[in-house]
Every structure is written in structure tokens, then in C-alpha cells.
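Note sheet for the following structure.
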């Protein structure tokens, strides 16, 4: 099995885990809040307007697993279900991207990722 396939499977597992964290932490949130938080990391694509190198840096900063994990841990430390759920949804977003083969971006362009070229 290729390393890219392993990373896609890992992403699917993390997406499911992130969703479960959010479901248990904040089941009463409206659908609009859930959808908004799920797609919010993709606003980082706007950084590509400043060029592919800067775009890749900003996009990758919002699409690494460490930050949503840290947000979730901070939520646990502070007793904030909102932070826990937001971290879970952020993780679900990144995991879904990886499962679909959308990896971290290379500075050569948006379609070039660590999992291969998109499209």
C-alpha cells in the first residue's frame, strides 16, 4: 500500500474522530454553525492572491493536524465545550481533505500537494 493511501486512510479516521468530538461536545449547535466551522479553514485559500509561496504557507498553517489538536486540548484545559467542538470540526475538515487526496500545498502552486497533483 502506498504512503499516500495510508495518509488518506489516516485522514478518514481523523475526520470521523473530529466529528465525534464535536458531536459529543456541542450537539446543540445549529447546522449553520457546523457548516461555517467546517469550511472556515478553506478561507486560507485567499492567501494565494498574494502569490503561491505565501498562499502555501498560510494554507498549510491552517491544514496541519497540530493546531486543531491544540485548540481541543486548550478547550479541555479551560472547560470550554465551544473550543473542544471547534477543534473537532477543524480536525474533521483537515481529515476529510486528506481522505479526498487534498494534501498540504507545495510552493509551486495550489494543485501541487504532498499527496500528489490535484486534477
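The values are calculated or read from the model by the stated rules, or taken from the named source; none is laboratory data. Remember, predicted model here, so these are calculated numbers, not experimental data. Heads up, the Cβs are rebuilt from the backbone with ideal geometry, glycines too, and the neighbour counts pull from every protein chain shown.
Filter the range 8-48 down to residues that are surrounded by 17 or more Cβ atoms within 10 Å (Cβ to Cβ), touching a residue at least 40 places away in the same chain (Cβ under 8 Å) and part of a helix (DSSP H, G or I), then give me how many there are. Going through the range 8-48 one residue at a time, the tally reaches 14. Comparison of 75, 88 shows that the only residue that is modelled with pLDDT of 95 or more and under 12 Å from the mean Cα position of the chain (by Cα) is 88.
Filtering the range 100-117 to residues that are modelled with pLDDT of 75 or more and closer than 18 Å to residue 64 by Cβ leaves 100, 101, 102, 103, 104, 105, 106, 107, 110, 114. Being surrounded by fewer than 22 Cβ atoms within 10 Å (Cβ to Cβ) and in a loop (DSSP other than H, G, I, E, B) holds for only one residue in 102, 83, and it is 102.
Could you check, for the range 88-103, whether at least one of its residues is touching a residue at least 12 places away in the same chain (Cβ under 8 Å), on the phi < 0 side of the Ramachandran plot and touching a strand residue (DSSP E or B) at 6+ places or on another chain (Cβ under 7 Å)? Yes, there is a match, as at least one residue in the range 88-103 is touching a residue at least 12 places away in the same chain (Cβ under 8 Å), on the phi < 0 side of the Ramachandran plot and touching a strand residue (DSSP E or B) at 6+ places or on another chain (Cβ under 7 Å).
Take the conditions (1) assigned to a helix (DSSP H, G or I); (2) at pLDDT 90 or above; residue 4 misses just one of them, which is (2). Just one of the listed residues (20, 9, 5, 49) is over 13 Å from the mean Cα position of the chain (by Cα) and more than 25 Å from residue 117 (Cβ to Cβ), and it is 20. Residues of the range 50-70 that are surrounded by fewer than 20 Cβ atoms within 10 Å (Cβ to Cβ) and more than 14 Å from residue 105 (Cβ to Cβ): 65, 66, 67, 69, 70. The set of residues in the range 87-106 that are within 15 Å of residue 37 (Cα to Cα) and in contact with a helix residue (DSSP H, G or I) (Cβ under 6 Å, 6 or more places away or on another chain) comprises 87, 88, 89, 90, 91, 92, 93, 95, 96.
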